[in-house]
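Input: a single structure, listed below in structure tokens.
Every number in this text was worked out from the coordinates using simple rules, so none of it is lab data. Predicted model only: the values in this text are computed from it and were never measured. When we count neighbours, we look across all protein chains shown, and the Cβ atoms used for this are built from the backbone with ideal geometry, even at glycine.
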Amino acid sequence: MIVLTSAERAVLQGRLTDAETQYHLLMTGQTAKVFVDQNGERIEYQQASAQRLAAYIADLKRQLGIGCATGPLNVWM
């Protein structure tokens, strides 16, 4: 298990928030088709890239240690 500093956690959380927002906008048809980030990198979102964006969100959640449940929790007494 990798232990994150508070700064690393904040960066990952910010990226997760941004990615989830972009995913929502993409899935609801509200997103810009082309996005230019602060480094001048051009990113073009298409419906086909929704799967990649979802995978990126899952990876960020994994790094943050959230959303890792694999199925329903059964309680046995």
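Summary of computed values
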read-out: Gain upon complete extension [T28, R52; 0.36 nm per residue less C-alpha separation]; value: 7.0 nm
read-out: Principal axes of region 6-64: Cα extent on each, largest first, Å; value: 33, 24, 15
read-out: Given charges at beta-carbon only (K, R positive; D, E negative), |dipole| of region 6-64 in Debye; value: 140 debye
